[in-house]
Amino acid sequence: MMNDKVTESVGRSITWSHGRSITRSLVHCYILLVILAGCVLFSCKDDNDVISTNSSIKLAFSKDTVRFDTVFTTIKTATKRILIHNEDKNAINIESIQLMGGRGSFFRINVDGYSGDQTNVHLRGQDSMYMFVELTVDPQNRDNPVFIEDSIRFVTNGNTQYLRLEAYGQDVYIWNKKTLAKDTTILGERPLLIYDTLTIGSQAHVTMNPGTKLFFHKGASVYVKGQLSAVGSIDNPVVFRGDRTDRLFSDVLYDNGVTGQWNGITVDSLSFNNVFENVRVRNSFHGILFKQSLPQQKKATLTNVIVHNVNENGVTATNCIIDFLNCQISNAKQMCVQLVGGQYTFLHCTIANYFNAVNESRASGSKALYISNIFNKSVLPLDRCDFTNCIISGSNNSDVELSNKLNGNAQTPFNHLFTNCLIRVNGSDDQNFVDTIWNKDPKFANLNTNGDYVYSFELDSTSVAVNAAARAYSTSLLLDLKGVSRLSDDGPDIGCYEWKKKSTK
């Protein structure tokens with residue numbers, strides 16, 4: 001048996017009687033391993049973890065100016081996003097990010113998840129972070145928009161950069177569940193921001209002056225029980241639209257690309273003698289809905305009206321008397337125009353369905369024009385439905401539907417007459433279609449050519465509709481929707497727009 005003495009302490013130190021201690025050797029080995037590991041880690045450290053103090057390094061921004069479209073005072077805007085990028089291979093320390101307007105600024109910032117001004121923000125090499133900007137503008141007590149500006153200062157290694165912030169603040173009148181119960185004139189000096197429903201009472205005649213602009217929040221609408229006279233001018237129309245003034249994408253305005261932003265205009269069965277003149281209705285769920293009425297009294301007259309980009313029908317009328325003059329009714333997910341029973345006249349109108357909104361396309365059965373005398377399995381006489389010098393066109397092969405059959409049998413009266421119209425479907429003239437241009441492309445100026453959902457239903461110079469209208473009918477409507485004379489060249493054009501040679505200046 002060996003004379004070696006073995007001792008075990010609480011620390012599990014082991015000593016041999018030969019006098020050699022392995023405890024010190026193990027400690028030395030551990031220290032050596034730590035040193036070696038540290039050397040390995042240090043030698044493998046990336047450049048983007050090394051903080052550079054080079055004063056020539058500058059931050060890169062996804063945009064040098066953050067612009068908000070017109071914003072309504074007291075209403076919080078949507079949030080803008082900016083990417084801040086460090087293009088250097090080494091990390092940097094952003095000494096300060098400061099909103100120059102301070103607490104008095106209408107703008108607010110959030111940097112990489114932290115709100116307000118920031119100091120000593122670490123940004124690794126070849127890395128990025130997001131900054132978010134929003135604003136709420138205080139009332140300005142002015143009718144016209146007020147320019148709002150500020151800037152954000154970035155200091156990196158003593159190098160100073162600025163990011164500009166710009167917006168226009170607009171004072172508005174806010175109406176929530178508003179009822180106009182007596183005769184009222186809306187002057188139009190400031191926009192109206194509508195929540196819920198704007199109701200025109202049964203005893204009220206409401207007049208909207210040129211320049212009146214109504215912005216509708218999601219789900220808001222107009223309900224006309226009494227009488228509405230929305231009378232704008234060619235240069236200063238009355239506008240009904242959604243309240244989103246920002247952009248969905250950098251090149252797409254909400255106002256162009258998104259339907260169903262508000263509910264639309266509904267005219268009650270017992271409302272008569274309404275006037276829509278130089279009016280723009282757009283981006284609603286339905287455009288103008290005329291409820292089932294009694295065709296003994298004029299329901300409405302529409303002159304120089306544009307109804308565009310709606311989620312259901314552009315214009316719906318049931319058993320009404322309505323005149324349409326110089327109207328553009330365009331891009332509806334369902335029908336641009338749906339008429340059932342009643343009496344209607346269309347002179348120099350353009351009905352065009354090329355509907356295509358963001359993430360939406362035309363519904364099955366969608367038409368540019370639908371005419372019928374059948375409603376809820378009963379007959380509503382269509383006593384008159386005349387189209388003169390009109391364009392009816394669309395992206396489908398059959399964009400016109402005439403429906404008068406109930407239980408397989410044709411019902412009367414079903415009176416319709418198309419005179420000197422361009423209709424982009426196959427057909428042939430008869431007693432209901434006179435001097436028709438069949439199945440020709442009207443060649444509109446812009447059908448979302450750039451993918452920005454911008455449309456122009458003015459005519460190209462090569463359109464077959466140019467100079468093709470019947471002059472005898474044009475003399476009662478000498479100016480087109482934009483105020484251009486129809487008698488200034490070789491002849492009037494079919495549709496609501498007169499082609500005019502653009503100035504070379």
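Would you mind finding the longest exposed-site-free stretch of the chain, with exposed GluC sites (Glu not before Pro) meaning DSSP loop and at most 13 other Cβ atoms within 10 Å? Result for the longest clean stretch: 190-505. FRET efficiency for TYR195 and PHE375, Cβ-Cβ distance as r, R0 = 35 Å, nearest 0.05? Plugging the Cβ-Cβ distance into 1/(1 + (r/R0)^6) gives 0.60. Eigen-decomposition of the gyration tensor built on the alpha-carbon atoms of segment 41-122 gives equivalent ellipsoid semi-axes of 32, 13, 11 angstrom, largest listed first.
How big is the Kirkwood radius of segment 323-372, worked out from every pair of different alpha carbons and given in Å to one decimal?
Averaging 1/r across every pair of different Cα atoms and inverting gives 11.6 Å.
What length, rounded to one decimal in nm, is gained on full extension from LEU417 through to LYS502, with 0.36 nm per residue of separation minus their alpha-carbon distance? Numbers along the way, then the final one.
Values: separation 85, 0.36 × 85 = 30.60 nm, distance 3.44 nm.
Taking LEU417 through LYS502 to full extension adds about 27.2 nm, to one decimal.
Ordering ALA230, THR245, ASN426 by the projection of their Cα atoms onto the charge dipole of the chain, which places +1 on the Cβ of Lys and Arg and -1 on the Cβ of Asp and Glu, puts THR245 at the extreme positive end. Surface exposure of the chain, expressed per residue as accessible area with a 1.4 Å probe, stands at 49 Å².
Relative contact order, whole percent, for segment 442-501 stands at 31, derived from Cα pairs under 8 Å and 6 or more residues apart.
Karplus-derived 3J(HN,Hα) values for segment 120-127, using 6.51 cos²θ - 1.76 cosθ + 1.60 with θ = phi - 60°, are 6, 8, 7, 10, 5, x, 6, 10 Hz; glycine and proline are entered as x.
When the C-alpha to C-alpha distance is required to be over 24 Å, the pairs from LYS76/LYS182; LYS177/LYS333; LYS80/LYS218; LYS80/LYS333; LYS178/LYS298 that qualify are LYS76/LYS182; LYS177/LYS333; LYS80/LYS333; LYS178/LYS298. Note on SER96 and GLU166: the model spin-label points, each 7 Å out from Cα along the C-beta direction, lie 2.6 nm apart. Extension gain for the segment ARG384 to SER115, taken as residue separation times 0.36 nm less the Cα-Cα distance, is 90.4 nm to one decimal.
Spin-label pair SER364-SER128: with each label point 7 Å from Cα along the Cα-Cβ axis, the two points sit 4.2 nm from one another. Placing +1 on the Cβ of every Lys and Arg and -1 on the Cβ of every Asp and Glu, with no other charges, gives the chain a dipole of roughly 820 debye about its Cα centre.
If you build the convex hull over the alpha carbons only and average its shadow over all orientations, what do you get for segment 62-202? Give it in nm² to one decimal.
10.2
Direction-averaged projected area, Cα convex hull, segment 120-198: 8.8 nm², rounded to one decimal. Computed from backbone phi with θ = phi - 60° and the Karplus coefficients 6.51, -1.76 and 1.60, the 3J(HN,Hα) list for segment 219-230 is x, 7, 7, 10, 10, 9, 9, x, 9, 10, 10, 9 Hz; x is used for glycine and proline. Here the 3J(HN,Hα) profile of segment 405-421, calculated from phi with Karplus coefficients 6.51, -1.76 and 1.60 at θ = phi - 60°, is 9, 10, 6, x, 10, 5, 10, 10, x, 9, 8, 9, 9, 10, 10, 6, 10 Hz, Gly and Pro shown as x.
Treating each Cα of the chain as one equal point scatterer and applying the Debye formula with no solvent, the log10 of I(q)/I(0) at q = 0.05, 0.06, 0.12 Å⁻¹ comes out as -0.33, -0.43, -1.08. Computed from Cα positions, the angle between helix 22-44 and the longest principal axis of the chain comes to roughly 30 degrees.
Would you mind computing the Rg to Rh ratio of segment 177-270 from its alpha-carbon coordinates, Kirkwood style for Rh? Here Rg/Rh amounts to 1.00. Extension gain, ASP441 to THR53: 0.36 nm times the residue separation minus the Cα-Cα distance gives 133.2 nm. Across segment 362-475, Cα-Cα distances exceeding 18 Å account for 59% of all pairs.
The values are calculated or read from the model by the stated rules, or taken from the named source; none is laboratory data. Bear in mind that the values here come from a model prediction, so they are computed numbers and not experimental data. Cβ sites come from the backbone with ideal geometry, for glycine too, and all protein chains shown count toward neighbours. When the accessible area is computed, the model is the full protein with side chains, heavy atoms only, and any ligands, DNA or RNA have been set aside. Shrake-Rupley method; radii C 1.70, N 1.55, O 1.52, S 1.80 Å.
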